[in-house]
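One structure is given below, encoded as structure tokens.
The values are calculated or read from the model by the stated rules, or taken from the named source; none is laboratory data. Nothing here was measured: the structure is a model prediction, and the numbers come from that model. Glycine also receives a Cβ, built like all others from the backbone with ideal geometry; neighbour counts cover every protein chain displayed.
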Amino acid sequence: MSEKASAQEAIPDSVIYVSDPDPAHLRTKPEASSKDLDDAYELYRRQDATDLDPQEARQVLRRIDQHILPLLMGTYLLQYLDKATFNFASVFGLREGTNLHGQDYSWSLSIFYFGYLIAQWPAGYLLQRLPVGKFIGGSALVWGMLTIVTPACKNFAGIAINRFLLGCFEAVVNPGFVLVLSMWWRQDEQPMRLTTYYSMNGIAGIFGGLLGYAVCLQALERAGIGHITSGLQPWMYIFLIFGSISLAWATVFLVFMPDLPSTARFLNEREKIVAVERVATNRQGVKNRHFKTYQMWQCLGDPKTWILFVMAIASQIPNAAQSSFTSIILETFGFDVLETQYLQIPGNVIQFCSLLLSGWISSRFPNMRCAVMLITNLVCVGCGAALVGLPVGPDGTENRWSRLVALWLCSFSSVGFSLSLTMVSSNVAGYTKKQLTGAFLFVGYCVGNIIGPQTFIDSEAPFYTSAYIAILIGYCVKTTMVIVLYLYMWLVNKKRDRDAATYGSRLSAEQEKEAIEQGMHDVTELDNEGFRYVL
């Protein structure tokens, strides 16, 4: 019998996995039980996580990257395309074809996030209770079908229902991927993997711009959907094509995405053990299916939860300019319909490159995540100030190239939000607490995206002064929250280092093993004294 198995049998049911002497603090934590054991604990107990062969661990990581990462990337690409089709179609007759007037288009965008918001809590609960891969894949099937039927909507009511349901089912993807990230990759590996799949937003934007360009050149019989000559309106084909591709990809995802390392068909038995042991060093475990009320209350009282919530709202208010109103904004700069499509491509290239670079820096150099977020946010603050302060002239075309460059550089904002997701995957332990913290972050994401479109007031066209002011304020608040989050986590780390030092060293080998063991018993980061935040 292994040392870890013997240790587990020696732990009585009455043990509480903290050493905090404060009685009020202890009252919030239940006694340990079999429900605390991680779903992958049986694999974990076969090997000591601190004694893994580095070469063997690298080989397993390579196999995980080859099989899991492409599934995440493809799904994220199509999820963004299905959501962003409104932007692509907005200048090709969507508003006229669905009889949208006044603020109807803005509300159509906001309604998506009402569905996203309402679905967050049941989605988070079901992600904990159900097999993750199958639940995400099933949701992808549904939102693919909803995209296909969008051309059947002939008025605002139909569009509103369609967008609301689309938001409900797409609500599974982002929080689900954050949980998948923590199940398969170590803390230092997560930023690069997350920004890799998140950069698919940029690829989707580039693809959408090229597709829109092809539509514009339909009369010249260029490539893509420009060859289609039937009686349907051009905007309809965007939904039909993207929806069909999404359905096919969702089927692939369902077949090949494992729910846990222990069920991965691309790993042999030894590789499954190594996969679990690798992530055990995160001191967070892999997955626990049991909802724990004390972790819910701890989530509500944790400052990180509310910092990330405010940060998400502030980051997503400007998101409307980048995702749903770009075509319309470029028209107000004096560009024609054809130009509005290909002039979106540079901003998406910047988004793609900045995400990959930031992910590499954050994974390559320790404790650089908040610094990278701060730098990119400051770029966005400067660009927001330019959009507000540069003169536009009576026809809106004055300084249009300067404002266009500022709009392109606002794409750096994706870096801050994507790295904030790694704060959930890397810095929150306890599975119930992790999925609830993620849900709070995405509630903020929804609130910001609901507010954002409403700042584009129809009566202010073509200048949209309120929208540009909201963009600047959002970036300023987001930057402030990054500083607050860094200071909070840095101070907690310093306190724990001082406490550990009183026993002779920062963290002994025995303390390290105990911290990992507590992670596999679903102990939260606040209760696990051996846990350190990644900055």
Quiz item: Is there any pair linking a residue in segment 447-476 that is crowded, with 22+ Cβ neighbours inside 10 Å to one that is among the charged types (D, E, K, R) and at pLDDT below 85, with Cβ under 9 Å and at least six apart or on different chains, and which?
Solution: ALA467/GLU460
Exercise. Check whether at least one residue in segment 366-377 is surrounded by fewer than 18 Cβ atoms within 10 Å (Cβ to Cβ), of a type outside the set (A, V, I, L, M, F, W, C), in a helix (DSSP H, G or I) and over 20 Å from the mean Cα position of the chain (by Cα), and report yes or no.
Key: no
Practice problem: List every residue pair whose Cβ atoms lie under 9 Å apart, where the two residues are 6 or more positions apart in sequence or sit on different chains, the first residue falls within segment 160-176 and is assigned to a helix (DSSP H, G or I), and the second residue, located anywhere, is charged (D, E, K, R). | Solution: ALA160/ASP104; LEU166/ASP82; LEU166/LYS83; GLY167/LYS83; GLU170/ASP82; GLU170/LYS83
Quiz item: Is there a residue in segment 506-522 that is closer than 30 Å to LEU330 by Cα, of a type in the set (Gly, Ala, Ser) and either within 29 Å of the chain's Cα centre (by Cα) or at pLDDT 90 or above (or both)?
Solution: no
Practice problem: State whether one or more residues within segment 452-464 are closer than 28 Å to VAL178 by Cα, part of a helix (DSSP H, G or I) and at pLDDT below 90. | Solution: yes
Quiz item: For segment 235-261, which residues satisfy the criterion of being buried (at least 20 other Cβ atoms within 10 Å of the Cβ), of a type outside the set (A, V, I, L, M, F, W, C) and part of a helix (DSSP H, G or I)?
Solution: TYR237, GLY243, SER246, PRO261
Practice problem: Could you tell me whether any residue of segment 42-51 is in a helix (DSSP H, G or I) and modelled with pLDDT of 85 or more? | Solution: no
Practice problem: Would you mind telling me which numbered condition in (1) crowded, with 18+ Cβ neighbours inside 10 Å; (2) in a helix (DSSP H, G or I) PHE335 fails? | Solution: (2)
